[in-house]
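Since the structure comes first, as structure tokens, the remarks are kept for the end.
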Amino acid sequence: LSSLVSTTKIELYHYKGRLKVILDDENVTHKIRSQNVNLGVPKVAAVPIVRKWMVRLQHNLGAKGKLVAEGRDIGTVVFPNARLKIYLVASIEARAKRRAKNFYQASSKINLNNVIEELKSRDQIDCTRETAPLRKADDAIELDTTNLTIEQQVDFIVKQWNKNTE
């Protein structure tokens, strides 16, 4: 992993309103949302050298200007001094349905119970890992998205931003 993080290049681009992820000159935007990648993330994310490398990469992106970022340690480890932190939560069932819709579209045979178990396992691993565990930042505003549309979530966040920057 040491040699991989020292030679790997990740770039992010906006293209037609969407974020594109380029890994070593290959567009991996859709590949990183696959079930295999998703199942492997907790194992790799727990490795300190990988965490350190990812935090440095994210800091470099943040240094370029305005940034909206999401992730399990964004408000506590990556950007602890962010002007606004929103901690998104939702019921396990709502999260599983979203994951099934977004990440497993290619498969016609999705077992929602399996997705729920995968999420529970990932949460347990991420909350108990030694390096950068998943937790809510003390100054984060919690938003329960269980019954909210994307538009309602965005409206809430924009209102919070406007309140915070007045």
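The values are calculated or read from the model by the stated rules, or taken from the named source; none is laboratory data. The structure displayed is predicted, hence computed values, not measured ones. When we count neighbours, we look across all protein chains shown, and the Cβ atoms used for this are built from the backbone with ideal geometry, even at glycine. Protein only, heavy atoms only, side chains kept; ligands, DNA and RNA dropped before computing areas. Shrake-Rupley method; radii C 1.70, N 1.55, O 1.52, S 1.80 Å.
Sort through GLY75, GLY71 and tell me the only one that's under 13 Å from the mean Cα position of the chain (by Cα) and at pLDDT 90 or above. It would help to see each step written out before you state the result.
Details: GLY71 fails: at pLDDT 90 or above.
Going through GLY75, GLY71 in turn, just one is under 13 Å from the mean Cα position of the chain (by Cα) and at pLDDT 90 or above: GLY75.
Pull up the range 13-31, narrow it to residues that are open to solvent by less than 70 Å² (accessible area, probe 1.4 Å) and of a type outside the set (Val, Ile, Thr), then point me to the one that is nearest to the chain's Cα centre (by Cα).
That would be LYS20.
With (1) closer than 20 Å to ALA45 by Cβ; (2) open to solvent by 70 Å² or more (accessible area, probe 1.4 Å) as the list, and THR131 as the residue in question, which single condition is left unmet?
(2)
Looking only at the range 140-166, count how many residues are surrounded by 11 or more Cβ atoms within 10 Å (Cβ to Cβ) and in contact with a helix residue (DSSP H, G or I) (Cβ under 8 Å, 6 or more places away or on another chain).
Residues meeting the conditions: 6.
Restricting attention to the range 1-58, which residues are touching a residue at least 60 places away in the same chain (Cβ under 8 Å) and in contact with a Ser or Thr (Cβ under 7 Å, 6 or more places away or on another chain)?
If the condition is that a residue be touching a residue at least 60 places away in the same chain (Cβ under 8 Å) and in contact with a Ser or Thr (Cβ under 7 Å, 6 or more places away or on another chain), then ALA46, PRO48, ARG51 are the ones that fit.
Out of everything in the range 83-102 that is surrounded by fewer than 17 Cβ atoms within 10 Å (Cβ to Cβ) and out of contact with any strand residue (DSSP E or B) (no Cβ under 9 Å at 6 or more places or on another chain), what residue ends up being modelled with the lowest pLDDT?
Restricting to residues being surrounded by fewer than 17 Cβ atoms within 10 Å (Cβ to Cβ) and out of contact with any strand residue (DSSP E or B) (no Cβ under 9 Å at 6 or more places or on another chain), the top hit is ASN102.
Of everything in the range 110-166, what is in a loop (DSSP other than H, G, I, E, B), farther than 29 Å from TRP53 by Cβ and under 16 Å from the mean Cα position of the chain (by Cα)? Give them in sequence order. Spell out the reasoning first.
So in the range 110-166, the residues in a loop (DSSP other than H, G, I, E, B) come out as 110-111, 129-140, 145-149, 165-166.
Retained after the next criterion (residues that are farther than 29 Å from TRP53 by Cβ): 110-111, 145-149, 165-166.
If the condition is that a residue be in a loop (DSSP other than H, G, I, E, B), farther than 29 Å from TRP53 by Cβ and under 16 Å from the mean Cα position of the chain (by Cα), then THR145 is the only one that fits.
Could you grab me the full set of residues in the range 34-53 that are over 20 Å from ILE116 (Cα atoms) and either open to solvent by 50 Å² or more (accessible area, probe 1.4 Å) or of a type in the set (Val, Ile, Thr) (or both)?
Hits for the range 34-53 are VAL44, VAL47, PRO48, ILE49, VAL50, LYS52.
Output the residues belonging to the range 54-79 that are among the hydrophobic types (A, V, I, L, M, F, W, C) and open to solvent by less than 40 Å² (accessible area, probe 1.4 Å). Quick ask: steps written out before the conclusion?
We begin by selecting, within the range 54-79, every residue among the hydrophobic types (A, V, I, L, M, F, W, C); these are 54-55, 57, 61, 63, 67-69, 74, 77-79.
Across the range 54-79, the qualifying residues are VAL55, LEU57, ILE74, VAL78.
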